[in-house]
1. At a 1.4 Å probe radius, which order do L9, L72, L16 fall into by accessible area, largest first?
2. Quick one: net charge around T39, please, counting Lys, Arg +1 and Asp, Glu -1 for every other residue with C-beta under 12 Å from its C-beta.
3. Which of the chymotrypsin sites (Phe, Trp or Tyr not before Pro) found in segment 1-36 are in a DSSP loop and have at most 14 neighbouring Cβ atoms, other than their own, within 10 Å?
4. Skip the ligands, DNA and RNA, and give the accessible area per residue of the chain with a 1.4 Å probe, whole Å².
5. Magnitude of the Cβ-charge dipole of the chain, K/R +1 and D/E -1, about the Cα centre, nearest 20 debye?
6. Loop-only check: which chymotrypsin sites (Phe, Trp or Tyr not before Pro) in segment 44-88 are DSSP coil with at most 12 other Cβ within 10 angstrom?
7. Tell me whether the chain comes out rounded, prolate or oblate; compute the Cα gyration tensor, take square roots of the eigenvalues as a ≥ b ≥ c, and use a/c under 1.5 as the rounded threshold.
8. Can you tell me the length gained on complete extension of the stretch I106 to K57, counting 0.36 nm per residue apart and subtracting the Cα distance?
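The values are calculated or read from the model by the stated rules, or taken from the named source; none is laboratory data. None of these values were measured; they are calculated from a predicted model. In this analysis, Cβ positions are derived from the backbone assuming ideal geometry, glycine residues included, and neighbour counts consider all displayed protein chains. Heavy atoms of the whole protein, side chains included, go into the accessibility calculation; ligands, DNA and RNA do not. Shrake-Rupley method; radii C 1.70, N 1.55, O 1.52, S 1.80 Å.
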Amino acid sequence: MSAPFAIRLVGAGLLLALLWWASPPAEPAFRACPFYWLTGRPCPLCGLTRGLCALAKGHWSQAIHFNALTPLGFVLLFSLFWNAPGRPRLWTFGIAAFAIYGVWRIVLA
């Protein structure tokens with residue numbers, strides 16, 4: 001195992017452990033989203049941290065309840081730890097998906 005691969009593997013493991021360990025409240029007392037402060041509507045990323053923590057624990061339905069794109073966010077986050085040739089395309093698709101989801105969420109929320 002090469003050193004850069006081992007470092008990426010340890011980093012991904014630590015991030016997964018942190019997400020598994022953290023337990024943010026289902027309904028936060030304070031929202032850190034400036035878009036939510038200004039509009040009162042959720043942005044495309046609202047609920048993603050709670051969703052990532054739930055997904056790390058294996059709670060899929062709860063994760064999707066917080067943010068429907070949590071599984072995609074999980075894949076995007078962990079794609080940062082590898083240099084696959086398809087990563088730029090994955091990120092392009094992911095950003096487009098979050099943009100479409102954001103518009104949908106703002107209009108229907």
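1. L9, L16, L72
2. Charge balance in the 12 Å sphere: +3.
3. Answer by residue number: F30.
4. I get 66 Å² per residue for this part.
5. 120
6. Of the chymotrypsin sites (Phe, Trp or Tyr not before Pro), the ones in loops of segment 44-88 whose Cβ has at most 12 other Cβ atoms within 10 Å are W82.
7. oblate
8. Details: separation 49, 0.36 × 49 = 17.64 nm, distance 2.84 nm.
Value of the extension gain: 14.8 nm.
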